[in-house]
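Just below is one structure, and these are the notes that go with it.
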Amino acid sequence: MSPELRNLLAIARNYCHLIEHSDTEQWLDDIAELLPQMHAAIARLGLRPRSEDALPGEEPVDLDQRFDLYVQLKSLLGDNDPYWMEYDGQDAQQMSGSLADDLTDIYCELKRGLEALGRTEEEAALPVLNGWRQGYQLHWGQHLLDAERHLYLLYQEGRL
């Protein structure tokens with residue numbers, strides 16, 4: 001296993017641990033520090049054409065568990081959760097960005113890959129990596145960018 005892949009796996013494990021233990025005082029600061037590392041780690045591995053990327057035997061996400069995590073994070077984040085998206089209207093109730101949604105979607109993608117690694121031999125790392133690459137390109141990469149941007153704004157406003 002390459003050092004770059006080991007680094008990404010360590011970051012994914014750390015991220016999932018932080019989300020699972022989000023009741024600590026520093027958890028959001030730690031997430032804000034970890035997200036750029038995650039972004040750099042996946043970029044360092046390079047992206048492949050989508051047709052090559054597949055995680056065979058991928059199990060569907062448990063939507064009830066995903067929703068429960070989202071609600072927990074949304075409650076924990078409070079006023080720090082919503083943010084403006086470029087297409088939102090002027091009314092504060094029309095804020096459609098959600099840090100809890102971003103963090104939950106990233107968590108679900110990474111956790112599913114880590115669980116697949118836990119059930120198989122180390123050589124399964126390549127299919128997991130390819131699944132993460134595909135998910136990054138199609139879905140959670142945008143959540144990563146949105147979360148990084150929102151956390152930066154919270155930091156600038158002194159709310160982080």
Task: Net charge of Cβ neighbours under 12 Å - reference residue 75; Lys, Arg +1; Asp, Glu -1 - done: -3
Open item on the list: Can you give the FRET efficiency to the nearest 0.05 for residue 75 and residue 153, using r as the Cβ-Cβ distance and R₀ = 22 Å?
Closed with: 0.60
TODO: Would you calculate the separation in nanometres between label points at residue 66 and residue 138, each defined as 7 Å from the Cα along the Cα-to-beta-carbon direction?
DONE: 1.2
Open item on the list: Can you give the local net charge around residue 37? Use residues other than it whose beta-carbon is closer than 15 angstrom to its beta-carbon, Lys and Arg +1, Asp and Glu -1.
Closed with: -2
TODO: Would you calculate the separation in nanometres between label points at residue 43 and residue 115, each defined as 7 Å from the Cα along the Cα-to-beta-carbon direction?
DONE: 3.0
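Quick note: the coordinates plus some simple rules give every number you see, no bench work behind them. None of the values given here were measured: they were computed from a predicted structure. Counting neighbours? That spans all protein chains shown, and the Cβs are built from the backbone with ideal geometry, glycine included.
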